[in-house]
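**Student:** Shown below is the structure under consideration.
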Amino acid sequence: MAIPVGLGMPAAPPPVLAPRRKTRQLDVGGVGVGSDHPVSVQSMTTTKTADINATLQQIAELTASGCQIVRVAVPDTDDAEALPVIARKSQIPVIADIHFQPRYVFAAIDAGCAAVRVNPGNIKKFDDKVGEIARAAKGAGIPIRIGVNAGSLDKRLLAKYGKATPEALVESALWECSLFEEHDFRDIKISVKHNDPVVMVRAYELLAAQCDYPLHLGVTEAGPAFQGTIKSAVAFGALLSQGIGDTIRVSLSAPPVEEVKVGNQILESLNLKQRGLEIVSCPSCGRAQVDVYKLADEVTAGLDGLEVPLRVAVMGCVVNGPGEAREADLGVASGNGKGQIFVKGQVVKTVPESQIVETLIEEALRLAGEMRPSGEQTDDGVPSGPPVVSVS
């Protein structure tokens, strides 16, 4: 009888820092949004929406990278006219992003978009149109996101508060919600974005305490990839660790696929999303006897595209290496020109340093091939699940 190798998920769900804040529930084109559903990752296309082929191509790339909902900009008539085809052919729900012209809200609803995002602060006489928008959205059965931004806050609130304070952002959002509520429309999601993570976090904390609407998290204009990733991770981590947040969008001055990768990684790190491929590797130090950076990069590249949850440990010395490698589904502890290969805590072979990467990739692919859908059992009766590979 084969010796069972436990690669399954733990019997209990992985721990989270706090239970989700209870919210109303929304259906965004088949994606559940709210506390009864997983936190979802969004992004926004960078193409001209009127260029239907380019927009659909980018949506396909975002979908492949793990994006669950996509937003497209609708600044003019050509973009509005492209919405029916895009909404119909997109693999994931499409949200129309509307600014300045309320007539595009109705065009998006008629086009079959899954939701509409409106920014009340820069739509002329928006409050006068709320009743009409509410009736149209309710008739089509689609939600509205009220998206308040620090850079386009209503002038009345800027005059009252002097600048885009957390209190100003929240007052703007709740005021607009109250106008929709007057028309018995409550299929609403809210965002109150700011470029300063501290202001943004406080705004969402205040908002979460004052309503039960689902919240879309975002640090607006977060900056280039490195800076924006840090700011978003800090802000999202602070809120999600309190159970606040139902959808997220990482705003980077980078290709939107990178936004999705960062967003998914944030959720995985907080156990809010099942982990996929995870490389555990040491930062290297004077004890390292191999080039850990090179090893980790080569293993990561070799396993790129692997879609099963797998933790691989790549370790470079004998101090922490064996322990970390044992804790991973798959790992290597390197030193003295060779590497010990571990599978779920057991040394299965020792190979020369030149064969470490090749061996890890082979073992990872073998383990992935043996995996079953979560909860399904192998021939040995062992529940299958994500393998873990560690590199040190």
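**Student:** When only DSSP loop residues count, what GluC sites (Glu not before Pro) in the range 156-256 have their Cβ near at most 14 other Cβ atoms within 10 Å? Let's see the in-between values first.
**Tutor:** Numbers: sites: Glu167, Glu171, Glu176, Glu181, Glu182, Glu205, Glu221; in loops: Glu182, Glu221.
Sites meeting the loop and neighbour criteria: Glu182.
**Student:** Something else about it: Residue by residue, what Karplus-based ³J(HN,Hα) values in Hz, rounded to whole numbers, does the range 106-122 have, using 6.51, -1.76 and 1.60 with θ = phi - 60° and x for Gly and Pro?
**Tutor:** Result, rounded to whole Hz: 5, 5, 5, 5, 5, 6, x, 5, 6, 6, 10, 9, 10, 10, x, x, 10.
**Student:** Once Lys and Arg get +1 and Asp and Glu get -1 on their Cβ, which of Leu207, Val31, Val234 lies farthest toward the positive end of the dipole of the chain?
**Tutor:** Leu207
**Student:** Using the crude model of +1 on Lys and Arg Cβ and -1 on Asp and Glu Cβ, and no other charge, please compute the dipole size for the chain relative to its Cα centre, in debye to 20.
**Tutor:** 800 debye
**Student:** Just the number, please: carbon plus sulfur as a percent of the accessible area of the chain, 1.4 Å probe, no ligands or DNA/RNA counted.
**Tutor:** Answer for the chain is 52 percent, counting heavy atoms of protein chains only.
**Student:** Using θ = phi - 60° and the Karplus curve 6.51 cos²θ - 1.76 cosθ + 1.60, what whole-Hz ³J(HN,Hα) does each residue of the range 242-250 get, with Gly and Pro shown as x?
**Tutor:** Those phi angles translate into 9, x, 9, x, 10, 9, 9, 9, 7 Hz.
**Student:** About the Cα centre of the range 83-202, what is the dipole size in debye to 20, counting +1 per Lys and Arg Cβ and -1 per Asp and Glu Cβ, all else neutral?
**Tutor:** For the range 83-202, the charge dipole is close to 340 debye.
**Student:** When the expected Rg is taken as 2.2 N^0.38 Å, what fraction or multiple of it is the alpha-carbon Rg of the range 44-189? Show your work: numbers first, answer last.
**Tutor:** Numbers: Rg = 15.5 Å, N = 146, 2.2 N^0.38 = 14.6 Å.
The range 44-189 yields a ratio of 1.06.
**Student:** Continuing with the same structure: Per the helix-only calculation at 222 nm, which mean residue ellipticity applies to the chain, given -39500 (n - 2.57) for every DSSP H run of n ≥ 4 and division by its residues, nearest 500 deg cm²/dmol?
**Tutor:** Values: 12 runs with 150 residues, N = 392.
Result for the chain: -12000 deg cm²/dmol, rounded to the nearest 500.
**Student:** Taking one equal scatterer on every alpha-carbon of the chain, how large is log10 of I(q)/I(0) by Debye at q = 0.07 1/Å?
**Tutor:** Calculated log10 I(q)/I(0) at the listed q: -0.39.
**Student:** Which of Gln58, Gln340, Gln355 ends up with the largest GNM mean-square fluctuation for the chain, with Cα atoms connected below 10 Å?
**Tutor:** Comparing Gln58, Gln340, Gln355 in a Gaussian network model of the chain, the most mobile one is Gln355.
**Student:** What's the local net charge at Pro84, with K and R +1, D and E -1, over the other residues with C-beta under 14 Å away?
**Tutor:** -2
**Student:** Relative to the present Cα-Cα distance, how much length would full extension add between Glu268 and Phe100 at 0.36 nm per residue of separation?
**Tutor:** Taking 0.36 nm per residue and subtracting the Cα distance, the gain is 56.8 nm.
**Student:** List the residues whose amide H sits under 5 Å from the amide H of Glu278, counting only those 5 or more places along or on another chain, with H placed 1.01 Å from N in the peptide plane.
**Tutor:** Leu310, Arg311, Val312, Val389
**Student:** Counting only heavy atoms of protein chains, what accessible area per residue, in Å², does the range 138-290 have with a probe of 1.4 Å?
**Tutor:** 41 Å²
**Student:** According to a simple spin-label model (label point 7 Å from Cα along Cα-to-Cβ), what is the distance in nm between Asn336 and Gln91?
**Tutor:** Label-label distance for Gln91 and Asn336, simple model: 4.9 nm.
The values are calculated or read from the model by the stated rules, or taken from the named source; none is laboratory data. Please read these numbers as outputs of a predicted model, since none were measured by experiment. Note: ideal-geometry Cβ built from the backbone for every residue, glycine included; neighbour counts use all protein chains shown. Note: accessible area is taken over every heavy atom of the protein model, side chains too, but ligands, DNA and RNA are not part of it. Shrake-Rupley method; radii C 1.70, N 1.55, O 1.52, S 1.80 Å.
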